[in-house]
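This report concerns only the one structure given below.
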Amino acid sequence: MDLSEIAKKLGLWETKHIIRKAAELRRLCDVQFDSSVIGVGEVCKAIICLEIAATSFQVIFDRQAAIRLSGMSEKAYNRSFNSLQNTLGVKTKLDIRELGIQFGCIRLIPFVKKGLSLYKDRFIASLPASRRANADFTRPVFTAVAFYMCAKKHKLKVDKLKLIEVSGTSESEFNSVFASMKDLCFDVFGISKEKKDPREVKGNRELLDVLPEKRKIEDGNFSSDDGTEVSSHKKHKRMGNAAYEQWKSCVLSSNKKNKAKGHCKQTVQTSLDFLKEAPEKTELEALS
């Protein structure tokens with residue numbers, strides 16, 4: 001498929017400079033390596049080259065439409081994009097505003113900018129004078145980590161793995177920058193975790209009473225199973241036993257009454273049969 005046709009489907013038909021840049025990147029790919037080795041087909045390679053070219057010219061690119069057109073899953077497309085970009089040695093700038101829109105955290109943008117600027121100043125200040133000129137913060141991993149830490153501090157859910165894929169970095173590099181940023185800018189990105197006294201935390205009593213043997217000592221250093229306090233579990237058990245005993249006694253008494261009634265009926269029937277046979281015997285005795 002021709003690049004111009006793909007660009008037209010992605011809404012980039014009027015940007016000829018982007019198409020030329022994408023064609024140059026595709027030729028570079030063909031010269032340097034075989035893209036099929038890393039699982040990137042010709043159509044997907046053209047789409048990725050168009051995205052890299054559009055990003056370099058700061059033109060909005062619809063990645064979701066590109067993923068649908070490539071016929072790949074989002075995860076596979078992101079992996080192929082990162083592999084192709086790293087192989088070409090192209091560095092893309094990760095925009096904080098685009099991250100905010102993509103992850104639905106627009107209100108984090110000023111906090112990320114402030115924290116990232118503070119981290120750069122403190123990191124450079126911690127370096128020797130001979131190395132300060134070589135400090136490079138153009139890699140997108142710094143922006144991604146600052147965005148993730150701000151989201152974590154403000155208790156907003158952000159998919160870490162997706163953020164790593166978008167930034168085109170590895171998980172080990174992400175974790176390394178995360179530790180460095182947390183150490184230098186704990187007052188901006190850090191989250192204080194204070195251990196609470198277990199006695200100050202009041203749990204659900206009903207849930208605790210379900211298994212009273214697991215609740216040994218509480219406020220006042222006494223067991224909930226001792227003394228006059230009876231757990232709801234034991235109360236329910238006792239009530240169930242009492243109800244069962246009552247039902248059992250009712251069944252037994254009913255059976256006894258039924259047996260007595262049956263015995264009485266049998267006695268009455270026997271008496272009636274005897275009375276019927278008595279006149280016949282007297283008549284026979286008189287004749288004899």
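Restricting attention to segment 60-85, the residues being exposed (fewer than 14 other Cβ atoms within 10 Å of the Cβ) and in contact (Cβ under 8 Å) with a residue 24 or more places away in the chain number 3.
Scanning segment 94-121 for residues that are open to solvent by 80 Å² or more (accessible area, probe 1.4 Å) and over 21 Å from GLN58 (Cα atoms) returns ARG107, PHE111, LYS114, ASP121.
Out of all the residues in segment 116-139, which are part of a helix (DSSP H, G or I) and at pLDDT below 85? Within segment 116-139, ARG132, ALA133, ASN134 qualify.
When LYS91 is tested against the conditions (1) at pLDDT below 85; (2) open to solvent by less than 50 Å² (accessible area, probe 1.4 Å); (3) over 26 Å from the mean Cα position of the chain (by Cα), the lone failure is (2).
When each of LYS120, LYS114, LYS152, LYS157 is tested for being touching a residue at least 12 places away in the same chain (Cβ under 8 Å), among the charged types (D, E, K, R) and within 30 Å of SER80 (Cβ to Cβ), the lone residue that passes is LYS152.
Let me confirm something: among PHE33, PHE61, PHE57, which residue is under 18 Å from SER80 (Cα atoms), more than 35 Å from the chain's Cα centre (by Cα) and among the aromatic types (Phe, Trp, Tyr)? I'd like the intermediate steps shown before the answer.
Numbers: PHE61 fails: more than 35 Å from the chain's Cα centre (by Cα); PHE57 fails: under 18 Å from SER80 (Cα atoms).
Of the residues listed, the single one that is under 18 Å from SER80 (Cα atoms), more than 35 Å from the chain's Cα centre (by Cα) and among the aromatic types (Phe, Trp, Tyr) is PHE33.
Residues that are within 16 Å of LEU10 (Cβ to Cβ) and either of a type in the set (Gly, Ala, Ser) or touching an Asp or Glu at 6+ places or on another chain (Cβ under 6 Å) (or both) within segment 31-74 comprise ALA46, ALA53, ALA54, SER56, PHE61, ALA65, ALA66, ILE67, SER70, GLY71, listed in sequence order.
Somewhere in segment 158-170, is a residue within 24 Å of ARG63 (Cβ to Cβ), part of a helix (DSSP H, G or I) and open to solvent by 90 Å² or more (accessible area, probe 1.4 Å)? Spell out how you get there, then give the answer.
Taking segment 158-170 and keeping what is within 24 Å of ARG63 (Cβ to Cβ), we get 158-170.
Then keep just the ones that are part of a helix (DSSP H, G or I); that gives 160-167.
Okay, now just the ones that are also open to solvent by 90 Å² or more (accessible area, probe 1.4 Å), so 161.
Yes, segment 158-170 contains a residue that is within 24 Å of ARG63 (Cβ to Cβ), part of a helix (DSSP H, G or I) and open to solvent by 90 Å² or more (accessible area, probe 1.4 Å).
The values are calculated or read from the model by the stated rules, or taken from the named source; none is laboratory data. The model shown is predicted, which means the values in this text are computed figures rather than measured ones. Here the Cβ is made from the backbone with ideal geometry for all residues, glycine too, and neighbour counts use every protein chain on show. Areas reflect the complete protein model, heavy atoms only, side chains present, ligands, DNA and RNA absent. Shrake-Rupley method; radii C 1.70, N 1.55, O 1.52, S 1.80 Å.
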